[in-house]
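See below for the structure under consideration.
The values are calculated or read from the model by the stated rules, or taken from the named source; none is laboratory data. All of these numbers come straight from a predicted model, not from anything done at the bench. For neighbour counting, all protein chains shown are included, and Cβ atoms are generated from backbone atoms with ideal geometry for every residue, glycine included. The area values use the complete protein model at the heavy-atom level, side chains included, leaving out ligands, DNA and RNA. Shrake-Rupley method; radii C 1.70, N 1.55, O 1.52, S 1.80 Å.
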Amino acid sequence: MHEFSLVMSMLDLAEKAARADGARRISAIHLEIGALAGVVPEALEFAFEGARVGTMAENARLEVTYLPAIAYCATCQSEFELDNRFGIAVCPSCDTPSADLRQGRELQLAHLEVEE
Ligand SMILES: [Zn+2]
């Protein structure tokens, strides 16, 4: 399960950062996930509920910002939002396909809230 291994590595990263900061507990984890990252929100929450047990983030909130997929059209010289989750980018103004994805593949730990 993709979401479970994702959550495990995010928790690992979060615990290392919290420890380095001298914190004892993690109160919130903020993630940024792009629309093309292949993450199912319900599966992510479910994985987090299970994976956080016994970690510093046992009582932490999971806050996820989902970023829309955005591509750039060289013909129109403007950015547009993709209307699908497959990474197929076709400019809605001029119908030109674009391979220039500007946002949507993010999978990152954006911010951490810790308690001393
Ligand atoms: Zn265009």
Quick one: how many residues across the range 3-34 are open to solvent by 30 Å² or more (accessible area, probe 1.4 Å) and part of a loop (DSSP other than H, G, I, E, B)? 3
The range 51-87 - residue that is at pLDDT below 95 and of a type outside the set (Phe, Trp, Tyr) and, of those, nearest to LEU31 (Cα to Cα): ARG85
Scan the range 44-67 and tell me whether some residue there is in a loop (DSSP other than H, G, I, E, B), near the ligand (Cβ under 10 Å from one of its atoms) and either of a type in the set (Ser, Thr, Tyr) or under 25 Å from LEU6 (Cα atoms) (or both). no
Being farther than 13 Å from THR65 by Cα, open to solvent by 70 Å² or more (accessible area, probe 1.4 Å) and part of a strand (DSSP E or B) is the filter here, so list the residues in the range 99-114 that pass it. ARG102
Only unsatisfied item for PHE86, checking (1) open to solvent by 70 Å² or more (accessible area, probe 1.4 Å); (2) among the hydrophobic types (A, V, I, L, M, F, W, C); (3) within 13 Å of the chain's Cα centre (by Cα), is (3)
Residue list for the range 3-47, restricted to those being of a type outside the set (A, V, I, L, M) and under 14 Å from the mean Cα position of the chain (by Cα): GLU3, PHE4, SER5, SER9, HIS30, GLU32, GLY34, GLY38, PRO41, GLU42, GLU45
Condition first: part of a loop (DSSP other than H, G, I, E, B), within 13 Å of the ligand (Cβ to nearest atom) and among the small types (Gly, Ala, Ser). Now tell me which residues in the range 68-98 satisfy that. ALA74, ALA89, SER93, SER98
